[in-house]
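Colleague: Could you have a look at this structure, given as structure tokens, before my questions?
The values are calculated or read from the model by the stated rules, or taken from the named source; none is laboratory data. Computed from a predicted structure; not experimentally measured. Here the Cβ is made from the backbone with ideal geometry for all residues, glycine too, and neighbour counts use every protein chain on show.
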Amino acid sequence: MNIKSGYHKVHLQVDLNTGDSERSSLSDQFIEQYIGGRGFGAKLVWDNLRKHNFKLDPLGAENLLVIAPGPLTGTYLPASGKCSFVSISPATGVYGDSSMGGNFGVELRQAGMDVMSISGSAKELSVLFIDEEETSLIPMPKLAGRTCLEAEGMIKEHFGTHELRVAVIGVAGENRVNFACVNADWSRNAGRTGVGAIMGAKNLKAIVVRGSRDIPVHNLDGLIEEAEKAFSYMRNHSFFEMWQQEGLMNVMEYANETGILPVHNFKDATYPKLKGINGETMLSGYKIGDSACFGCPMCCGNICLVKGGKYMGTVTEGPEYESCAMLGSNVGIDNFAAVLRGNQLCDELGMDTISTGSLIGAVIEGYEKNIISLDYLDGRPISWGDEDSIFELIRKIAYREGIGDILAGGSRSVIETWPEMEKVILQVKGLEQSAYESRSGISMALGLCNQRHRRPSHARMDHCKGDRTGAGLV
């Protein structure tokens, strides 16, 4: 089979220093070796790293940001809406990638490209506009300080149409928070490894794409035949209805029952107050609609609205499991309306919910253990479930105010400021652990184990033997 006929074979290269762009042809050898998505990204980022003698600042102009949909993105197949954002991560200093669902990657392919790479830094806050053959860098300083949703609306107003896709950063990205994310389609995010901070460092508020081209397919009849098998399998699966109703929120019950749910900064793995933040509570009092990534029958994006009380009017797509766990049980919140508000804040400000919930949980435990003094908290104590203080910390991180400036640097910054926090905070190479307690999730523990040589008694090595305090490569 000639797999290469399923590609545009186009690589868009953009230099923000000059605003120039170039479309080059991808070789057959490159396509066959690296396939697409994170494969293309890993190769291009590696080549750029080697070009700079393996020494570059992740937030420097020389760092390359690669955005690459996969070869099946935008085709008639389930789960075909994915797009990879790949770079050297500001959180870890090494390779990092983050996957975004929704429709942004599909639009890139419809604009006629398989991969784009962005280097340099714009002179002022700008928007990169890609319209098939046209690529332009447009200064838009008026977008500074705007939330992701506000900026997307202003951009669509500027272009006079909603028939385009926008990948945008919020205040956290502009302020180079190490775990800032890139937001698209309202609540779809390239959430991990700090790709939003990289865009902020490049003075790039948003990437705007408009395309209408057909996506190349080698064997359309064969694709449709296989797609029908896949869709049929999903529709007839015993879990299909449950996944459509609850989406990833159904994992909350599973995680609690199996003892892998992060609770109180991973000190516990089951949550007695789970009923307040589980899928059943979402369905009974908050969910008002569904949304889906391109081509996916699961429609797992829960659209939720708070209809009364303190957080009345809060509306967001989500939360999914990891957001609910890290902004719920991990920080001691058992109020679903508050979880929605925390999720919405992170989406508006452009921050990864996993790292945000992890760091705030660590702060609460650090304060309990007298590692972090009240002075760092501006005289305001914080405790498990303290919604107001938790939301204030989210805001402070995005704006780098007070203790938020330390937390914005991620786990490494926290440990540098308070060395004793190394025993409290869960991270791997500076990236906060995802929302799975690994004492029961053995394969997860294996993936998180410290691989470098340190004395076995060190807390980070103990994690491999079941101690909660581990999971960190610093």
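Colleague: Out of the stretch 146-176, which residues are surrounded by 14 or more Cβ atoms within 10 Å (Cβ to Cβ), of a type outside the set (Val, Ile, Thr) and in a loop (DSSP other than H, G, I, E, B)?
Modeller: Applying the first criterion (surrounded by 14 or more Cβ atoms within 10 Å (Cβ to Cβ)) to the stretch 146-176 yields 146-156, 158-159, 164-176.
Those left that are additionally of a type outside the set (Val, Ile, Thr): 146, 148-154, 156, 158-159, 164-165, 167, 170, 172-176.
Within the stretch 146-176, ARG146, LEU164, GLY170, ASN175, ARG176 qualify.
Colleague: In addition: Take the residues of the stretch 229-249 that are hydrophobic (A, V, I, L, M, F, W, C) and assigned to a helix (DSSP H, G or I): which is surrounded by the most Cβ atoms within 10 Å (Cβ to Cβ)?
Modeller: So the first thing to find is which residues in the stretch 229-249 are hydrophobic (A, V, I, L, M, F, W, C), and the list is 230-231, 234, 239-240, 242-243, 248-249.
Retained after the next criterion (residues that are assigned to a helix (DSSP H, G or I)): 230-231, 234, 240, 242-243, 248-249.
Details: ALA230: 14, PHE231: 16, MET234: 17, PHE240: 14, MET242: 12, TRP243: 17, LEU248: 19, MET249: 27.
The residue in question is MET249.
Here is a yes/no grid of residues against (1) within 30 Å of ARG439 (Cα to Cα); (2) surrounded by fewer than 18 Cβ atoms within 10 Å (Cβ to Cβ):
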| site | (1), (2) |
| --- | --- |
| ASN265 | yes, no |
| ALA269 | yes, no |
| GLY276 | yes, yes |
| GLY285 | no, yes |
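Colleague: If GLY295 passes every condition in (1) part of a loop (DSSP other than H, G, I, E, B); (2) out of contact with any Pro (no Cβ under 7 Å at 6 or more places or on another chain); (3) within 30 Å of TYR76 (Cα to Cα) but one, which one does it miss?
Modeller: Tallying (1) part of a loop (DSSP other than H, G, I, E, B); (2) out of contact with any Pro (no Cβ under 7 Å at 6 or more places or on another chain); (3) within 30 Å of TYR76 (Cα to Cα), GLY295 fails exactly one: (2).
Colleague: Which one of LEU56, LEU44, LEU16, LEU49 is buried (at least 18 other Cβ atoms within 10 Å of the Cβ) and more than 22 Å from SER99 (Cα to Cα)? Outline the logic, then answer.
Modeller: On the way: LEU56 fails: buried (at least 18 other Cβ atoms within 10 Å of the Cβ); LEU44 fails: more than 22 Å from SER99 (Cα to Cα); LEU49 fails: more than 22 Å from SER99 (Cα to Cα).
It is LEU16.
Colleague: Let me ask something additional. From the list ILE372, ILE360, exactly one residue is buried (at least 18 other Cβ atoms within 10 Å of the Cβ), assigned to a loop (DSSP other than H, G, I, E, B) and touching a helix residue (DSSP H, G or I) at 6+ places or on another chain (Cβ under 6 Å). Which is it?
Modeller: On the way: ILE360 fails: assigned to a loop (DSSP other than H, G, I, E, B).
That would be ILE372, the only listed residue that is buried (at least 18 other Cβ atoms within 10 Å of the Cβ), assigned to a loop (DSSP other than H, G, I, E, B) and touching a helix residue (DSSP H, G or I) at 6+ places or on another chain (Cβ under 6 Å).
Colleague: Can you confirm whether the stretch 151-162 contains a residue that is in contact (Cβ under 8 Å) with a residue 60 or more places away in the chain and hydroxyl-bearing (Ser, Thr, Tyr)? Steps first, please.
Modeller: Keep residues of the stretch 151-162 that are in contact (Cβ under 8 Å) with a residue 60 or more places away in the chain, which gives none.
The answer is no; no qualifying residue exists.
Colleague: Just wondering, is there one or more residues in the stretch 117-129 that are touching a strand residue (DSSP E or B) at 6+ places or on another chain (Cβ under 6 Å), closer than 22 Å to GLY39 by Cβ and surrounded by fewer than 20 Cβ atoms within 10 Å (Cβ to Cβ)?
Modeller: yes
Colleague: Within the group ASP334, ASP352, which residue is closer than 23 Å to ARG176 by Cβ and either surrounded by fewer than 24 Cβ atoms within 10 Å (Cβ to Cβ) or touching a Gly at 6+ places or on another chain (Cβ under 8 Å) (or both)?
Modeller: Values: ASP334 fails: closer than 23 Å to ARG176 by Cβ.
Being closer than 23 Å to ARG176 by Cβ and either surrounded by fewer than 24 Cβ atoms within 10 Å (Cβ to Cβ) or touching a Gly at 6+ places or on another chain (Cβ under 8 Å) (or both) holds for just one of ASP334, ASP352, which is ASP352.
Residue by residue, here is whether (1) modelled with pLDDT under 50; (2) assigned by TED's automatic domain parsing to the domain that holds ALA269 holds:
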{"residue": "GLY404", "(1), (2)": "no, yes"}
{"residue": "GLU416", "(1), (2)": "no, yes"}
{"residue": "GLU432", "(1), (2)": "no, no"}
{"residue": "TYR436", "(1), (2)": "no, no"}
{"residue": "SER443", "(1), (2)": "no, no"}
{"residue": "LEU446", "(1), (2)": "no, no"}
{"residue": "CYS449", "(1), (2)": "no, no"}
{"residue": "ARG455", "(1), (2)": "yes, no"}
{"residue": "GLY470", "(1), (2)": "yes, no"}
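Colleague: Residues that are closer than 10 Å to ALA206 by Cβ and hydroxyl-bearing (Ser, Thr, Tyr): does the stretch 119-130 have at least one? Walk me through how you get there before you give the answer.
Modeller: Restricting attention to the stretch 119-130, the residues satisfying the condition of being closer than 10 Å to ALA206 by Cβ are 125-129.
Checking which are hydroxyl-bearing (Ser, Thr, Tyr) leaves us with 126.
Yes: one or more hits.
Colleague: Could you list, in sequence order, the residues of the stretch 1-18 that are closer than 18 Å to ALA111 by Cβ and not charged (D, E, K, R)?
Modeller: Initial filter on the stretch 1-18 (closer than 18 Å to ALA111 by Cβ): 6-14.
Within the stretch 1-18, GLY6, TYR7, HIS8, VAL10, HIS11, LEU12, GLN13, VAL14 meet the criteria.
Colleague: Would you mention how many residues in the stretch 19-34 are surrounded by fewer than 16 Cβ atoms within 10 Å (Cβ to Cβ) and either hydroxyl-bearing (Ser, Thr, Tyr) or farther than 17 Å from GLN110 by Cα (or both)? Show your work before the answer.
Modeller: Within the stretch 19-34, the subset surrounded by fewer than 16 Cβ atoms within 10 Å (Cβ to Cβ) is 20, 22-25, 27-29, 32-33.
From what's left, either hydroxyl-bearing (Ser, Thr, Tyr) or farther than 17 Å from GLN110 by Cα (or both): 20, 22, 24-25, 27-29, 32-33.
Residues that pass the stated criteria total 9.
Colleague: Sticking with this one: Report yes if some residue within the stretch 364-376 is closer than 24 Å to GLY173 by Cα and either within 25 Å of the chain's Cα centre (by Cα) or among the charged types (D, E, K, R) (or both); otherwise report no. Lay out the reasoning, then the answer.
Modeller: Keep residues of the stretch 364-376 that are closer than 24 Å to GLY173 by Cα, which gives 376.
Adding the requirement that they be either within 25 Å of the chain's Cα centre (by Cα) or among the charged types (D, E, K, R) (or both) leaves none.
So far as the stretch 364-376 goes, no, none of its residues is closer than 24 Å to GLY173 by Cα and either within 25 Å of the chain's Cα centre (by Cα) or among the charged types (D, E, K, R) (or both).
Colleague: Looking only at the stretch 126-171, which residues are under 17 Å from GLY211 (Cα atoms) and among the charged types (D, E, K, R)?
Modeller: ASP131, GLU132, GLU133, GLU134, LYS156, GLU163, ARG165, listed by residue number.
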